[in-house]
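Take a look at the structure below.
The values are calculated or read from the model by the stated rules, or taken from the named source; none is laboratory data. Every value quoted in this text rests on a predicted model; they were computed, and no experiment measured them. So basically every Cβ, Gly included, is an ideal-geometry build from the backbone, and we count neighbours across all protein chains shown.
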Amino acid sequence: MKVYGIEVNIKNVPVLDSTFVPLSAFNKEFLKTAKKPLSIAVERSNGLISVYDTFIHGTEEMKDADNYYVDRMVKFLLWAKGGFKVYICGDEAVYNYVAKTYSKDGARAFDFDFMERVYEKPFEVVCIADAAKRPAANEKAKAIGKHLDGCRIGFDAGGSDRKVSAVIDGECVYSEEVVWHPKVTEDPDYHFNGILESFKTAASKMPRVDAIGVSSAGIYIDNRTMVASLFLKVPRDQFDAKVKDIYIRAAKEIGDVPIEVVNDGDVTALAGAIGIGEGEVLGIAMGTSEAVGYVDKDDNITGWLNELAFAPIDAQPDAMEDEWSGDIGCGVKYFSQDGVIKLAKPAGIELDENATPAEKLKVVQELMKNDDPRAIKVFDSIGVYLGHALGYYANFYDVKHILMLGRVMSGKGGDIILNRANEILADEYSHVNAKAETPDEKTRRVGQSVAAASLPEIVK
């Protein structure tokens, strides 16, 4: 199959998606003939910079392939690492293309606006003519978590329930779950009161509160909510006034104590690292979306976005579009309940159009319980997607352990996904020194809210 003039031969293809083109496979073939050095750097808060050194062709004949390759790489770096400034170093023509594409009126206007909102700075693309003069990488991981001393509150904000734990010297003395509906509620006071109620409940089970740790879906910088689906319905003016500092305000109601607010994906990876006993853990939860977290070899979080749901993994020109971002071929449509629903139709499974996505997923999983061959094809195809994507992710993350979680991974279907993904990793991606696995019992016992409680350091 030819993609932008690059012949891509694919060894392992999903049985239900014969036109799937792993971005990893496209890049591999592209780079065989690309010899002109090019560097891409993305800058985020506090002068932190991630750099990716690569090559393009730099010829008129390969212009479309070059532009596509760099566009997809910029997109991946922005959603994996994060940034408000992109440096294109080594080719002015590619710079011009990226600057036009990632602009207020360009094809990636969504990314442009999103990153401005996250970092509260104007988004810009900068040209540096000489690739050798690219900015120097400046990464700074943050030691966080695994603090067990004192009396701690651990809070886990989910889309359908909120969990809180009271933890004394590493031992959970109280834990509860409360049903709530944050994603469909406009009033930010509803969210604040629910958070504060959980904090107060945990506080009442301990002689004092020394620290508060929060695991919450979304993007958080300096404990402030920048973007989060939990507050999806809150109007923008109310978001800025009452949501950005919602956890900070709730913590002050408890006392003048340290607080750490961290993306739930990173806390999941931290819980995995605690359970496994070592770092370099990539955690991927396949549910409503694709939630990802990562801790490095020192059990530190990196400060990267890790929003791989919106990072591309498929190079086929007619890949499925994500309704939110308007882009195609991104992880959310492959590693979530949407991926299952997408594949059900070519598998010959009829789903009620009026059912919720969760209900549709359940139908396919019920078929899987009885080893329905159509359901087997669905989960086998997702396993193929996953194997190729993990091979690609490993170019950006150093991993020893890949923990797969979420409702899509439950039951027999999850076993098929794991087995197929690991077959492909072994067959095509020998550089990956990790296998996809589900958490063991020890890791499961380290609950999300308990791991969250370990986030802040108590300064004595």
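Checking Val126, Val167 one by one, the residue that is touching a Leu at 6+ places or on another chain (Cβ under 9 Å) and among the β-branched types (Val, Ile, Thr) is Val167 and no other. If you go through the range 328-346 and pick out every residue that is more than 16 Å from the chain's Cα centre (by Cα) and either crowded, with 18+ Cβ neighbours inside 10 Å or over 13 Å from Val363 (Cα atoms) (or both), you end up with 7. Can you pull out every residue in the range 4-46 that is aromatic (Phe, Trp, Tyr) and over 25 Å from Val86 (Cβ atoms)? Once the filter is applied, which keeps residues that are aromatic (Phe, Trp, Tyr) and over 25 Å from Val86 (Cβ atoms), the range 4-46 yields only Phe20.
Any residue in the range 71-96 that is over 16 Å from Phe123 (Cβ atoms) sitting within a Cβ distance under 7 Å of a residue that is crowded, with 23+ Cβ neighbours inside 10 Å and of a type in the set (D, E, K, R)? List the pairs, counting only those 6 or more apart or interchain. Once the first residue is over 16 Å from Phe123 (Cβ atoms) and sits in the range 71-96, its partners that are crowded, with 23+ Cβ neighbours inside 10 Å and of a type in the set (D, E, K, R) give Val94/Asp66.
For the range 347-435, which helices (runs of 4 or more DSSP H) that fit wholly inside it have 1 or more residues that are surrounded by 20 or more Cβ atoms within 10 Å (Cβ to Cβ), hydroxyl-bearing (Ser, Thr, Tyr) and within 18 Å of the chain's Cα centre (by Cα)? Qualifying helices (runs of 4 or more DSSP H): 373-393. If you go through the range 197-219 and keep only what is surrounded by 18 or more Cβ atoms within 10 Å (Cβ to Cβ) and aliphatic (A, V, I, L, M), you end up with Ala202, Ala203, Val209, Ala211, Ile212, Val214, Ala217, Ile219.
Beta carbons closer than 9 Å, at least 6 apart along the sequence or on distinct chains, pair a first residue in the range 285-313 that is within 15 Å of Thr268 (Cα to Cα) with a second that is among the β-branched types (Val, Ile, Thr) and part of a loop (DSSP other than H, G, I, E, B) for Tyr294/Thr302; Tyr294/Val399; Val295/Ile144; Val295/Thr302; Asp296/Thr302; Asp299/Ile144; Asn300/Ile144; Ile301/Ile144. The residues listed here are Phe114, Phe155; of these, the one that is closer than 29 Å to Leu232 by Cα, among the hydrophobic types (A, V, I, L, M, F, W, C) and assigned by TED's automatic domain parsing to the domain that holds Arg72 is Phe114. Considering the range 150-184, the residues that are of a type in the set (Asp, Glu) and loosely packed, with under 15 Cβ neighbours inside 10 Å include one that is modelled with the lowest pLDDT, namely Asp161.
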